[in-house]
Amino acid sequence: MSERTGDDRQQQQQPSFEKRTGRDKYFAALDREIRELLDPATGMLSERYARHVACAICGEDRPEQLFVKRGYTFVRCTSCGQVYANPQVAPEKVAETYRHSEANDYWTEVLLNEENQAWQVPYFEEVLDLVERAVGGPGRVLDVGSSIGLFMEVAQRRGWRAVGLELSEVAYQYATSRGLEVRRQFLEDVEGEEGRFDAITAFSLMEHLNDPGALVRNARRLLRPGGVFAAVSPNTYSLASMMLREKMPTFDGRNHLQYYNHETFQRLFATNGYEVVHADTVLTALPNIEKYVQYRDPHAESPGPSMLPANVGRFFAGEGRTALEEFIFRNHLGLRLRILARAG
């Protein structure tokens with residue numbers, strides 16, 4: 001399956017995909033943990049854990065409120081357009097949740113699921129194709145937020161020497177038990193490795209950071225001249241996100257703090273000493289959109305027979321679907337942003 005061409009229907013149209021991969025348990029646990037940080041009196045993020053923040057991309061503090069979801073407020077910077085949670089869960093609490101969290105332990109189980117890995121492996125292969133063209137072939141790679149080490153294993157099979165950073169105890173123990181070199185530390189704590197990596201990767205990490213600029217600056221000191229940083233993160237202005245808005249699971253407020261778009265994601269790297277050499281989007285989420293335009297739950301397990309009239313249904317089948325996928329990718333409306341930036 002090629003993620004770039006949009007064949008995400010294979011994983012997302014399966015009636016019981018959520019249960020078969022364990023995502024249902026993960027989201028149930030995450031919902032409980034999200035509610036634990038709320039003030040019972042107000043139903044909003046407790047002041048004990050809340051911090052008002054300025055925009056992480058441009059530094060301006062001129063937000064407009066977009067919506068409130070389960071006690072967390074989502075705003076958009078009126079200067080650069082970045083969307084972010086504000087107030088935000090305090091950095092020390094964020095770090096604590098990644099070290100010890102029932103939801104994160106369940107997510108490890110999701111990542112270990114064979115069906116989940118069946119689509120993740122091609123996803124990683126495509127990023128490695130881009131990275132290898134940019135740096136001239138396999139070298140030494142640091143995977144930040146390496147989890148169970150699946151990307152590291154894919155990279156090592158292609159001749160890369162891989163090092164991972166992972167905070168979760170469960171994921172760390174699994175990865176190291178497989179002989180992978182994984183360190184339980186933050187990127188800023190990596191010492192003695194200046195200029196030693198050809199590539200740094202971050203899959204589904206950048207959205208979790210209070211200060212993403214600090215991470216990409218720290219990454220520069222570890223990259224060799226001409227080395228690249230490759231990252232993938234949810235796209236706030238994907239077609240799916242624009243249509244589903246609060247119904248998108250990515251808007252949770254505790255785990256996901258930053259919501260980039262095609263322009264702000266590139267700006268994050270360009271203003272911190274990188275040259276953006278590739279930027280596109282991947283995954284269409286058309287199965288979810290198709291359910292939603294039928295006035296159904298976009299994340300329902302079993303959508304049942306299509307209720308779309310024939311003239312609309314044609315857009316979601318055959319040549320119409322192919323045209324929709326091409327439109328999504330041509331206009332950077334895919335579910336996730338993908339970027340490759342070269343260290344200056």
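The values are calculated or read from the model by the stated rules, or taken from the named source; none is laboratory data. The structure displayed is predicted, hence computed values, not measured ones. Reconstructed Cβ throughout: ideal geometry from the backbone, glycine too, with neighbour counts over all protein chains shown. These area figures cover heavy atoms from the full protein model, side chains too; ligands, DNA and RNA do not enter into them. Shrake-Rupley method; radii C 1.70, N 1.55, O 1.52, S 1.80 Å.
Observations, loosely collected:
- Among (1) in contact with a His (Cβ under 8 Å, 6 or more places away or on another chain); (2) assigned to a helix (DSSP H, G or I); (3) aliphatic (A, V, I, L, M), the one test that A279 misses: (2)
- Restricted to the stretch 253-273, and to residues there that are out of contact with any Asp or Glu (no Cβ under 9 Å at 6 or more places or on another chain) and of a type in the set (S, T, Y), the residue that is least open to solvent (accessible area, probe 1.4 Å) is T264.
- Taken over the stretch 180-219, the residue count meeting the criterion of being in contact with a strand residue (DSSP E or B) (Cβ under 6 Å, 6 or more places away or on another chain), acidic (D, E) and open to solvent by less than 50 Å² (accessible area, probe 1.4 Å) is 2.
- Top-ranked residue in the stretch 236-257 [being in contact with a Pro (Cβ under 7 Å, 6 or more places away or on another chain) and part of a helix (DSSP H, G or I); ranked as nearest to H278 (Cα to Cα)]: L244
- All conditions in (1) open to solvent by less than 10 Å² (accessible area, probe 1.4 Å); (2) under 25 Å from F67 (Cα atoms) hold for M242, with the sole exception of (1).
- Which numbered condition S233 misses (of (1) within 26 Å of V53 (Cα to Cα); (2) open to solvent by 40 Å² or more (accessible area, probe 1.4 Å); (3) assigned to a strand (DSSP E or B)): (2)
- Those residues of the stretch 96-128 which are within 18 Å of R183 (Cα to Cα) and either in a helix (DSSP H, G or I) or at pLDDT 80 or above (or both), in sequence order: E96, T97, Y98, R99, N104, D105, T108
- Checked against (1) surrounded by fewer than 20 Cβ atoms within 10 Å (Cβ to Cβ); (2) in contact with a Lys or Arg (Cβ under 9 Å, 6 or more places away or on another chain); (3) among the hydrophobic types (A, V, I, L, M, F, W, C); (4) over 30 Å from Y174 (Cβ atoms), V94 passes all but a single condition, namely (4).
- Restricted to strands (runs of 3 or more DSSP E) entirely inside the stretch 147-225, those with at least 2 residues that are of a type in the set (A, V, I, L, M, F, W, C) are 161-165, 197-203.
- Contact map, the stretch 181-204: first residue at negative phi, second residue of a type in the set (A, V, I, L, M) and assigned to a loop (DSSP other than H, G, I, E, B), Cβ cut-off under 9 Å, separation 6 or more or different chains; pairs are R183/V190; R184/L167; Q185/L167; F186/L167.
- Yes/no for G304 being open to solvent by 30 Å² or more (accessible area, probe 1.4 Å), small (G, A, S), out of contact with any His (no Cβ under 6 Å at 6 or more places or on another chain) and within 30 Å of E207 (Cβ to Cβ): no
- Residue check for S79: closer than 25 Å to R338 by Cα, of a type in the set (S, T, Y), modelled with pLDDT under 95 and open to solvent by 20 Å² or more (accessible area, probe 1.4 Å): no
- Residue in the stretch 138-147 that is crowded, with 22+ Cβ neighbours inside 10 Å, among the acidic types (D, E) and closer than 28 Å to A270 by Cα present: yes
- Among the residues examined, E47 does not qualify as open to solvent by 30 Å² or more (accessible area, probe 1.4 Å), in a helix (DSSP H, G or I) and farther than 21 Å from S241 by Cβ.
- Count - residues of the stretch 162-179 that are free of Cβ contacts under 8 Å to residues at least 40 places away in the same chain and surrounded by 16 or more Cβ atoms within 10 Å (Cβ to Cβ): 8
- Residue match in the stretch 148-155 (condition: farther than 30 Å from E60 by Cβ and without any contact (Cβ under 8 Å) to a residue 24 or more places away in the chain): no
- Tally of residues being open to solvent by less than 30 Å² (accessible area, probe 1.4 Å), of a type outside the set (V, I, T) and under 26 Å from R23 (Cβ atoms) across the stretch 317-334: 5
- Qualifying residues in the stretch 274-296 (those that are at pLDDT 95 or above and surrounded by fewer than 18 Cβ atoms within 10 Å (Cβ to Cβ)) - the one farthest from M242 (Cα to Cα): E275
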